[in-house]
Every structure is written in structure tokens, then in C-alpha cells.
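**Student:** Here it is, the structure in full.
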Amino acid sequence: MELSLVTLVLFLQAGTICRMEKVIQIIGHKGGAAHLPAIVPAGFSTKDVFWRHLLPTDHLVASFSRGSFDTTYQSSFYGRVQLLHNFTLVILNLELKDTGIFACQMVDTKGHMRLHRFHLTIYEVVVKPDVQVYASRGTMECSVFLACNTSTGSNVTYSWMTDTGLGLPLNRTYTLHDDSRILRTLLSPSDHEVSFTCIVMNPVSQEKTIISPWTHCFTKPEPKNGFSSGKVVLFIGIFLVVTFTFMMFLVFLLTRVSGKHNFKRRREKIDEETLQHNEETGGQERDLELENSDERFLQRETSL
């Protein structure tokens, strides 16, 4: 392999016939596959083929030399490339960073060389766009803003189509802003069937969303219970606050009642203990008095 590369360099230095074609544009989408064809002219007896990634870095991607194919070069494409028998380079599981310049260098048995260059551009596929409607109704007309946006996609362009529902052109003008992402128009009651289509696209994909804005020009009726959604939220908030306050007061009240009950029980217990102690102490004093009286009586009897 190294000998073939040295030979290729010698061909260039020696002024061997070399023909360079114009850059061929190739596009692909993220996660897909790209085919870069090796253009072999009639009568060109191919001996060696070298596929290189030139920009943003220069490294070898695949090769055919001495009758064998090799795609095991250490690069960002390792494990994602195939080299077909017609020398077409296939890149699998494309990534956005794969965008760059590729070169196919072919050498024939007579030492002639062909050089083909390819500019590969990878795009991210767009998804179905979301259209937000902002409407403000006046006396007779309704001012409408349509904001279109797609969450994924690279190099995306926006455009709009209109449909009156009757196959006729829209008799109202509209203006576009922010690279056609936003559409502004005025609608009248006669435009109640008018629809707008937002189209998002890039070189590898296209999606669209249809919206009929006239229905957004009417104020939504309030529920039968007389509460709007804002009032319902306010009512729920007040109910939660009142409920919380009541629960806190109930907890405080229960805590205070329980404290008083415990205090009363402690007082009663202390009184019982005091009474019992007094009873026990009083009994002992009476016994002691009786004993003293008996002793005095014996002493008198003895003295007599």
C-alpha cells in the first residue's frame, strides 16, 4: 500500500498525464447513505484507486491496490464505508460533520491518472412544522399572525400557499416577515374558508401544515356555569387558600384543647398524689400520738 502511494506521488512529480474533472455535488441526509461514483472512462485499465477526504481534514478513507480492497483506515469514517467493485464509495450512517470534499484518484496500468472531486453536503431532515395563530378581531375584519416553525432541519426555507376553498385566488394581500416564518394578513367574514399552508423544505426533505385561521377570530364562549377558565383558576386558588387556613386553625384548636386536657389531667394526678401523701402522713402522726399517750399512762401507773 505504501509503495502504491509513493508511486502515485512520483507520477505527479514526473508530470505524468493527469486529468482533473470539475467538482461534483452530492447531497445526503443525516442517518442515510451517500454514493460517490468513481467515473472510469472507456479504455481506462484501472490499477489503483484511492479515496481521500480532503476537507476539513486530509486522510485516506478507502483504496483498491494490487487487486484487493481496503476500508480499514483509521478515520472518522472507519466502519461506515464500503468500496464497491465498480470503485464507488458508499458512506453509511451519515453525520452532519461528514460534509466536505472527497477526491477519487485512479491510476491505470500505463501510469495515467484521473482525479475526480466530490463536494458532499449533509442535511438534517425537516419535520412537520407547527403553526401558531394569533388573531385580533375588529368590527368587520380580523388581524391574523401565523407563526410557522419546524423543530429540526438544516438549511430550512419557509414558504406559504393560500386556498380560498373555492379554487379562487385569495382576494386579500398578506406580508411575510422573519425569512417568511411569519405571515400577517387581514380577513373578513367572506374569508371564513380561507386556509394557509406553511411549507418547510431543504434539499433533502419537505413537510407542510395547513391552518384555517378564521375560527381563531372568535372569542371562545364561556362555560354555562358562568366561569371563564381564568375565573375557574382564581376560584380554585381561593378555595385552596381557605381550605389551608381552615386546616391550620383546626390543627391549632385541636392542639390547644389537647394541651388543656393534658394540663387538667396532670393537675388531678398531682392533687391525688398530694391527698394520698397527706392521708399517709396524717395516719402516721395519729399512731405516734397514741403511742406517746400509752407511754405516759404507763409511767403514771408505775409511779403510783
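The values are calculated or read from the model by the stated rules, or taken from the named source; none is laboratory data. Computed from a predicted model, the values in this text were never measured in an experiment. With ideal geometry, Cβ positions are generated from the backbone for all residues, glycine too; neighbour counts draw on all protein chains shown. Heavy atoms of the whole protein, side chains included, go into the accessibility calculation; ligands, DNA and RNA do not. Shrake-Rupley method; radii C 1.70, N 1.55, O 1.52, S 1.80 Å.
**Student:** For Asn93, state whether it is at pLDDT 95 or above and out of contact with any strand residue (DSSP E or B) (no Cβ under 7 Å at 6 or more places or on another chain).
**Tutor:** yes
**Student:** Let me ask you something else. Going by the conditions given, is Val131 of a type in the set (Val, Ile, Thr) and not in a strand (DSSP E or B)?
**Tutor:** Spelling it out, it is not the case that Val131 is of a type in the set (Val, Ile, Thr) and not in a strand (DSSP E or B).
**Student:** Restricting the range 173-207 to residues that are among the β-branched types (Val, Ile, Thr), more than 16 Å from Gly153 (Cα to Cα) and in contact with a Lys or Arg (Cβ under 9 Å, 6 or more places away or on another chain), which is surrounded by the fewest Cβ atoms within 10 Å (Cβ to Cβ)?
**Tutor:** In this case the residue turns out to be Thr175.
**Student:** Here is a follow-up. Given the conditions (1) of a type in the set (A, V, I, L, M); (2) closer than 30 Å to Ile199 by Cα; (3) more than 28 Å from the chain's Cα centre (by Cα), which single one is not true for Leu84?
**Tutor:** Single failed check for Leu84: (2).
**Student:** Quick one: how many residues across the range 203-233 are modelled with pLDDT of 75 or more and not aromatic (Phe, Trp, Tyr)?
**Tutor:** 14
**Student:** Can you pull out every residue in the range 138-156 that is in contact (Cβ under 8 Å) with a residue 24 or more places away in the chain and either loosely packed, with under 15 Cβ neighbours inside 10 Å or in a loop (DSSP other than H, G, I, E, B) (or both)?
**Tutor:** Met140, Glu141, Ser143, Thr150, Ser151, Thr152, Gly153, Ser154, Asn155, Val156
**Student:** I would also like to ask the following. Exactly one of these conditions fails for Gly165: (1) in a loop (DSSP other than H, G, I, E, B); (2) open to solvent by less than 40 Å² (accessible area, probe 1.4 Å); (3) among the small types (Gly, Ala, Ser). Give me its number.
**Tutor:** Here Gly165 meets the rest and fails (2).
**Student:** Among the residues of the range 116-132, which ones are surrounded by 16 or more Cβ atoms within 10 Å (Cβ to Cβ) and among the aliphatic types (A, V, I, L, M)?
**Tutor:** Leu120, Ile122, Val125, Val126, Val131
**Student:** Need pairs with beta-carbon distance below 6 Å; first residue without any contact (Cβ under 8 Å) to a residue 60 or more places away in the chain and within the range 117-132, second of a type in the set (Ser, Thr, Tyr) and buried (at least 20 other Cβ atoms within 10 Å of the Cβ); sequence gap 6+ or separate chains.
**Tutor:** Close Cβ pairs (under 6 Å, with a partner that is of a type in the set (Ser, Thr, Tyr) and buried (at least 20 other Cβ atoms within 10 Å of the Cβ)) do not exist here.
**Student:** A further question on this structure: Would you please name the residue that is nearest to Ala33 (Cα to Cα), looking only at residues in the range 49-101 that are in contact (Cβ under 8 Å) with a residue 12 or more places away in the chain, charged (D, E, K, R) and open to solvent by 30 Å² or more (accessible area, probe 1.4 Å)?
**Tutor:** Filtering the range 49-101 for residues that are in contact (Cβ under 8 Å) with a residue 12 or more places away in the chain, charged (D, E, K, R) and open to solvent by 30 Å² or more (accessible area, probe 1.4 Å), the one nearest to Ala33 (Cα to Cα) comes out as Glu95.
**Student:** If I filter the range 33-41 for residues that are surrounded by fewer than 19 Cβ atoms within 10 Å (Cβ to Cβ), within 30 Å of His216 (Cα to Cα) and in contact (Cβ under 8 Å) with a residue 60 or more places away in the chain, do I get at least one hit?
**Tutor:** Within the range 33-41 (the criterion being surrounded by fewer than 19 Cβ atoms within 10 Å (Cβ to Cβ), within 30 Å of His216 (Cα to Cα) and in contact (Cβ under 8 Å) with a residue 60 or more places away in the chain), the answer is no, since none of the residues qualifies.
**Student:** Gln25 passes all but one of (1) surrounded by 13 or more Cβ atoms within 10 Å (Cβ to Cβ); (2) of a type outside the set (Val, Ile, Thr); (3) assigned to a strand (DSSP E or B); which number fails?
**Tutor:** (1)
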